[in-house]
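The values are calculated or read from the model by the stated rules, or taken from the named source; none is laboratory data. None of the values given here were measured: they were computed from a predicted structure. Positions of Cβ are generated from backbone atoms using ideal geometry, with glycine treated the same way; all protein chains shown enter the neighbour counts. The accessibility values were calculated without ligands, DNA or RNA, using every heavy atom of the protein model including side chains. Shrake-Rupley method; radii C 1.70, N 1.55, O 1.52, S 1.80 Å.
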Amino acid sequence: MRDKKWTDEQWAAITTRDTNLLVAAAAGAGKTAVLVERIILLITDPVRPVDVDQLLIVTFTNAAAAEMRERIAGALSKALKENPHSRRLAKQLAMLNRASITTLHSFCLDLLRRYFYLLDLDPGFRVADEVEAELLRLEVLEELFEERYNREDNETFARLVDAYGGQRDDSKLQDLVLALYRFSGSHPWPRFWLAEMTETFALSEGQSLDDLPWIYQVKEEISQEMQSVLRLLKQAAGWAGRPGGPELYCKNLTEDLIQTEPLVDCREVSWDKLYRSFAGIKWGKLSPCRGEVDEGLKNRVQALRNKAKDKVNEIVNTYFCAKPEILLQDLRSLHPLIKELAALTVEFMERYQKKKQSKGLVDFGDLEHYCLSILLDKASKPGEMIPSAVALELKKQFAEVLVDEYQDINAVQETVLQLVSREDNRFMVGDVKQSIYRFRLAEPGLFLGKYRQYGVTGNAAGCRIDLSKNFRSRLGVVNAVNFIFRQIMTRAAGEIDYDEAAELRYGADFPALEGVITAEGPVELHLIDGKDAQPDQAELPDNCEDNEMPDPDGEPEELAPTRRRQIGGPAYSGDDQG
Ligand SMILES: Nc1ncnc2c1ncn2[C@@H]1O[C@H](COP(=O)(O)OP(=O)(O)OP(=O)(O)O)[C@@H](O)[C@H]1O
Ligand SMILES: [Mg+2]
């Protein structure tokens, strides 16, 4: 029965059946709550009840899995109280401990324990902890490098060490091999991925830098940097134009803006043209202004302009220090080195694997890859996945595959999920703005792909439901978060624009708390910057009191956060009712 608290969208997410569903919503919108309610209704459905062991429920942490199990147990106990003679409910409660409510790693580990005999794996295998695995990796790397040094035909390897080894030893190259190993491991076919990447350096005659598959990302990065250059210059112009400000600087700043503004949208511009444009940037000498000018404002404008100049210089030094034709030549000459690097990584991968096998160990990365070996038929190839007999069995077993925090999934994990689900039985909830596991190689593009592919009213691929209301925070917190994120979140910076669809909408109904200080008042924003914890006075408007929220309608240069200092606590504080 519908509890009256659920909104229509939430209820649709809870009850829509027989299609893939992606529930996208900001923090505190009730995604996890909806997922749990859906599970409970699936189990207690009077017409098409699903047994709890027919569900695969994937959470991101063990703590979240334990909490979810508890919530389901609570709901089942409550239902059993209402129907004390229901043998079905009693059975579900008894089976709950065996249900697959789990992190993906634990799910993979379970499969490994069940099907180790399909792999070349000792049945008594043990999962190495990260420190142990790291030491083993370093040992294998040392051995591998030692052997390469002693080889007769190691000319390319020696060149690789020269190019990437670092000044004193070869540790930088070792780090590179480890990073590539880790990164390739987040793909279902690591060797194939490495080979594919290597080939992007095989530039044939007649190809230009614009043909490189990764050049768009480089331009994207330049564009982002240029956006902040533009912001700095606009801020400087804002200060210069104030009463008492160095008005004569405005002319210089206008010239600066004319030169830099067209470079913000550089994604579609050819590399040659960009090279020429950046080489042509000239920073005119600031017009001298003395007399009535406020020294504080003058210094502030100069500081902002210098910061903008430094940023542009950094872009030039990073990307445009060589002519495009020289860069192209350099890239071509890199191809054999990159090939050697990939070969070194593959060899490392194989040796590390053997070493682990000899000790009866698996590491965290192995869990997913072994799991794939179990789930994929031997005839599978990159781009052509054929489910194994085990995968087909699991597809039959799971009535639904439900995933919380789907934005943090990576390509291997997605493949595992695909292999155990059917065409129309996945339920995923997430918020791409909360994707925090990039460092663990999460691929928010997987979430976004479905977000764009699934229709809001459903289509062959699936159905997308957006939840708009926030039930976790008070109005003041909701407003402040929207205010800040509207300024800083763009598609380039956070994968998605912070538009109306992405905004938090106050949905809770918290009672007023008499005499208790709540978050309804002025909101503090604590920015934690490890490098430079001190407030940058040049960027702080002086009308911005230490603890007051700037006027949301103010000009961009007025939008500095209320308080900047280094703290050890969380970035946002609000009252969490969840
Ligand atoms: N319709 C509703 N009415 C009242 N409270 C609700 C409603 N929906 C959800 N809640 C409550 O809002 C809080 C936040 O919900 P939940 O933790 O499920 O959000 P979430 O979207 O999963 O957040 P996050 O993105 O941080 O994981 C919970 O306390 C939940 O019980
Ligand atoms: Mg949640």
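State all residues of segment 389-438 that are of a type in the set (Phe, Trp, Tyr) and within 16 Å of ligand 2 (Cβ to nearest atom); if no residue qualifies, say none. If the condition is that a residue be of a type in the set (Phe, Trp, Tyr) and within 16 Å of ligand 2 (Cβ to nearest atom), then Tyr406, Phe427, Tyr437 are the ones that fit. With respect to the conditions (1) in the same structural domain as Asp404 (by TED's automatic domain parsing); (2) touching a residue at least 40 places away in the same chain (Cβ under 8 Å); (3) open to solvent by 50 Å² or more (accessible area, probe 1.4 Å), Leu96 falls short on a single one, namely (3). Restricted to segment 319-348, and to residues there that are in contact with a helix residue (DSSP H, G or I) (Cβ under 9 Å, 6 or more places away or on another chain) and β-branched (Val, Ile, Thr), the residue that is least open to solvent (accessible area, probe 1.4 Å) is Thr345. Just one residue in the set Lys298, Lys285 is more than 30 Å from Glu205 (Cβ to Cβ) and outside any helix (DSSP H, G or I); that residue is Lys285. State whether one or more residues within segment 75-82 are open to solvent by 40 Å² or more (accessible area, probe 1.4 Å) and under 25 Å from Leu446 (Cβ atoms). Checked segment 75-82: no residue is open to solvent by 40 Å² or more (accessible area, probe 1.4 Å) and under 25 Å from Leu446 (Cβ atoms). Does Ala442 count as surrounded by 15 or more Cβ atoms within 10 Å (Cβ to Cβ), within 16 Å of ligand 1 (Cβ to nearest atom), within 15 Å of the chain's Cα centre (by Cα) and not aromatic (Phe, Trp, Tyr)? Yes. Cβ separations smaller than 8 Å between residues 6+ apart or across chains give the following pairs from segment 247-267 residues that are over 23 Å from Leu297 (Cα atoms) to residues that are open to solvent by 70 Å² or more (accessible area, probe 1.4 Å): Gln259/Lys282; Arg267/Tyr216. Selection over segment 223-261 of residues that are of a type in the set (Asp, Glu) and over 30 Å from the mean Cα position of the chain (by Cα) gives a count of 3. Here Trp11 fulfils each of the conditions (1) within 16 Å of ligand 2 (Cβ to nearest atom); (2) farther than 23 Å from Asp53 by Cα; (3) modelled with pLDDT of 95 or more apart from (1).
Of the residues making up segment 48-61, at least one is more than 16 Å from ligand 2 (Cβ to nearest atom), of a type in the set (Val, Ile, Thr) and assigned by TED's automatic domain parsing to the domain that holds Ala90. Within segment 9-17, one or more residues are near ligand 1 (Cβ under 10 Å from one of its atoms), part of a helix (DSSP H, G or I), free of Cβ contacts under 8 Å to residues at least 60 places away in the same chain and open to solvent by 40 Å² or more (accessible area, probe 1.4 Å). Scanning for something assigned by TED's automatic domain parsing to the domain that holds Thr103, within 16 Å of ligand 1 (Cβ to nearest atom) and in a helix (DSSP H, G or I), does segment 455-477 turn up at least one residue? Looking for residues that are assigned by TED's automatic domain parsing to the domain that holds Thr103, within 16 Å of ligand 1 (Cβ to nearest atom) and in a helix (DSSP H, G or I), one finds none in segment 455-477, hence no.
Okay, residues lined up against (1) crowded, with 20+ Cβ neighbours inside 10 Å; (2) within 16 Å of ligand 1 (Cβ to nearest atom); (3) not assigned by TED's automatic domain parsing to the domain that holds Glu134:
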| position | (1), (2), (3) |
| --- | --- |
| Ile374 | yes, no, yes |
| Asp377 | no, no, yes |
| Pro382 | no, no, yes |
| Glu393 | no, no, yes |
| Gln397 | no, no, yes |
| Val401 | yes, no, yes |
| Glu405 | yes, yes, yes |
| Asn410 | yes, no, yes |
| Ser421 | yes, no, yes |
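Could you tell me whether segment 456-463 includes any residue that is crowded, with 21+ Cβ neighbours inside 10 Å and β-branched (Val, Ile, Thr)? No, segment 456-463 contains no residue that is crowded, with 21+ Cβ neighbours inside 10 Å and β-branched (Val, Ile, Thr).
The condition of being in a helix (DSSP H, G or I) and either surrounded by fewer than 21 Cβ atoms within 10 Å (Cβ to Cβ) or touching a residue at least 60 places away in the same chain (Cβ under 8 Å) (or both) holds for only one of Val34, Val47, Val58, that being Val34. Just a yes or no: is a residue in segment 413-433 among the hydroxyl-bearing types (Ser, Thr, Tyr) and within 27 Å of Leu178 (Cβ to Cβ)? Yes. Which ones in segment 18-31 are surrounded by 18 or more Cβ atoms within 10 Å (Cβ to Cβ) and either over 17 Å from Cys463 (Cβ atoms) or within 16 Å of ligand 2 (Cβ to nearest atom) (or both)? Within segment 18-31, Leu21, Leu22, Val23, Ala24, Ala25, Ala26, Gly28, Ala29, Gly30, Lys31 meet the criteria. The conditions of being buried (at least 21 other Cβ atoms within 10 Å of the Cβ) and either out of contact with any Leu (no Cβ under 8 Å at 6 or more places or on another chain) or without any contact (Cβ under 8 Å) to a residue 40 or more places away in the chain (or both) are met by Asp366.
Conditions tested, residue by residue: (1) closer than 30 Å to Ala389 by Cβ; (2) in a helix (DSSP H, G or I).
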{"residue": "Tyr117", "(1), (2)": "yes, yes"}
{"residue": "Asp122", "(1), (2)": "yes, no"}
{"residue": "Leu138", "(1), (2)": "no, yes"}
{"residue": "Leu141", "(1), (2)": "no, yes"}
{"residue": "Leu144", "(1), (2)": "no, yes"}
